[in-house]
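The values are calculated or read from the model by the stated rules, or taken from the named source; none is laboratory data. The structure presented is a predicted model; accordingly, all values stated were derived computationally and were not measured. A quick note on method: Cβ atoms are made from the backbone with ideal geometry, for glycine too, and the neighbour counts reach across all protein chains shown. In case anyone asks, the SASA skips ligands and DNA or RNA and just uses the protein heavy atoms, side chains included. Shrake-Rupley method; radii C 1.70, N 1.55, O 1.52, S 1.80 Å.
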Amino acid sequence: MQPDKKPFKSGYVAIAGRPNVGKSTMINDFMDCKLSIVTPKPQTTRKKIMGVLTREDYQIVFYDTPGIMNPEYELQEYMVKTAYDAIEDADVILFLAEPFKPPATLDKKIFERLSHFHIPVILAINKVDLVEKDSLIPIISAYDQQFKFTEIVPVSALKGTNLDLMLSLIVKYLPEGEPFYPEDYMTDYNERFLASEIIREKVFEFYGEEIPYSTTVEIEEFKEREAGKDFIKAIIYVERDSQKGIIIGENGKAIKRVGVIAREEIEKQIGRKVFLELRVKVMEKWRKDKSKLHKLGYK
């Protein structure tokens with residue numbers, strides 16, 4: 001007599017937390033590919049990124065979300081709303097935190113809001129490779145006193161520590177059900193979005209201070225060609241003329257470097273040769289103007 005087959009499980013998992021706690025690294029690890037751009041700077045992720053992980057007995061639809069913060073302008077309002085919308089739609093919440101200090105006032109506000117959703121919340125204390133093990137005990141205790149987490153797991157997304165355990169716990173709390181997507185489906189974003197995110201990632205990597213936060217990228221043209229290279233024309237928007245000069249650099253050297261590195265990575269991701277044309281334009285106060293945000297795709 002054959003043993004009973006495991007029931008298939010499927011559901012949505014929101015990876016949430018404050019900025020720069022490792023959410024994008026986490027989804028990339030789970031998916032074993034680069035879906036979300038990753039930089040050392042906080043607030044890199046601005047939109048919800050979907051990754052679908054399908055195995056023999058489960059399908060997890062992950063959502064990497066923007067970091068939750070106290071918003072200061074319209075773009076940040078959009079980012080926080082995007083994060084909470086993903087949380088509200090989730091079957092399981094994977095909340096990431098850092099091991100360096102106990103929960104702050106903002107964390108307590110987040111936990112208060114999470115308590116209204118009545119969804120299993122797994123706390124992943126990330127970056128444990130950067131602290132001594134003994135220092136984790138008071139941090140775990142402090143978080144445990146603030147919220148009734150379903151599970152608390154110390155992990156390192158960068159090193160892969162305890163990610164298998166984390167995955168098994170996520171599956172444990174998923175509801176039974178049929179898969180939402182075909183077995184080979186991985187994400188809902190297209191190559192235009194991929195190209196814009198890679199360019200934006202390079203801006204975050206190559207420029208300091210406020211510059212990356214004042215920029216966004218729009219793909220004006222994306223033409224696939226059977227013969228020759230694909231053509232991509234992208235616009236990097238900034239808020240002031242002085243920022244435009246910094247992005248371009250002396251004799252165009254800075255923007256050329258961004259273009260070369262971005263093109264190489266786009267080619268690697270889509271598997272085709274690309275001609276990438278970058279332009280820089282000023283759109284004053286776009287981060288604070290809801291109509292401009294809508295025009296730029298933040299809807």
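Quick notes
- DSSP beta bridges in region 1-126 [antiparallel fraction, %, rounded to 5]: 30
- The angle separating the long axis of helix 191-206 from the principal Cα axis of greatest extent in the chain is about 80 degrees.
- Share, in percent, of DSSP beta bridges within region 148-299 that are antiparallel, nearest 5: 45
- Unit Cα scatterers, Debye sum, region 142-193: log10 I(q)/I(0) for q = 0.13, 0.16, 0.25, 0.32 Å⁻¹: -0.58, -0.80, -1.03, -1.14
- Neighbour cut-off at most 12 other Cβ (10 Å), DSSP loop, trypsin sites (Lys or Arg not before Pro), region 3-32: K5
- Helix 163-173 and the longest principal axis of the C-alpha atoms of the chain enclose an angle of approximately 60°.
- With 0.36 nm allotted per residue and the present C-alpha distance subtracted, the Y181-K288 stretch has 34.9 nm of extension available.
- Taking only protein heavy atoms and a 1.4 Å probe, the accessible area of the chain is 49% carbon and sulfur.
- Packing-based order for 221-233, 144-156, using average beta carbon neighbours within 10 Å, highest first: 144-156, 221-233
- Cα gyration tensor shape for region 36-151, rounded if a/c is under 1.5, else prolate or oblate: rounded
- V38 long-range amide H proximity, modeled H, under 5 Å: none
- Region 43-102 - convex hull of alpha carbons, volume per residue in Å³: 117
- What the chain shows is 51 Å² of accessible area per residue, with the surface traced by a 1.4 Å probe over protein heavy atoms.
- Debye equation applied to the C-alpha atoms of region 218-298, log10 I(q)/I(0) at 0.12, 0.15, 0.25, 0.27 Å⁻¹: -0.42, -0.63, -1.15, -1.21
- Considering only S36, F275, T161, the residue lying farthest towards the positive end of the dipole of the chain is F275, judged by Cα position with unit charges set on Cβ.
- Taking every Cα-Cα distance in region 1-100 and sorting them into 10 Å bins from zero, the calculated P(r) comes out as 16, 45, 25, 9, 4, 1, 0 percent.
- Size-normalised alpha-carbon gyration radius of region 150-258, reference 2.2 N^0.38 Å: 1.56
- As a calculated quantity, the FRET efficiency between D164 and E112 at R0 = 30 Å, using C-beta atoms, amounts to about 0.40.
- Protection proxy ranking, peptides 252-262, 199-209, 105-115, 12-22, average beta carbon neighbours within 10 Å, highest first: 12-22, 199-209, 252-262, 105-115
- In this simple spin-label model, placing a label point 7 Å from the Cα along the Cα-to-Cβ direction at both F100 and R279 gives a separation of 4.1 nm.
- Antiparallel bridge percentage (DSSP; both residues within the chain; nearest 5): 35
- Acute angle (nearest 10 degrees) that the helix 105-114 long axis makes with the longest principal axis of the chain, alpha-carbon atoms: 70
- The lysine pair tally for region 1-143, using Cα distances under 13 Å and a gap of 8 or more places or different chains, is 8.
- Annotation note: GluC sites (Glu not before Pro) in region 44-100 located in DSSP loop regions with a Cβ neighbour count of at most 10 within 10 Å are E56, E72.
- Across region 19-30, rounded Karplus estimates of 3J(HN,Hα) from the backbone phi angles (6.51 cos²θ - 1.76 cosθ + 1.60, θ = phi - 60°) give x, 6, 9, x, 5, 5, 4, 5, 5, 4, 5, 4 Hz, Gly and Pro being marked x.
- When the P(r) of the chain is calculated, the portion above 32 Å amounts to 32% of the C-alpha pairs.
- Taking amide H atoms as placed 1.01 Å from N in the peptide plane, the amide H of T161 lies under 5 Å from those of S156, each 5 or more residues away in sequence or on another chain.
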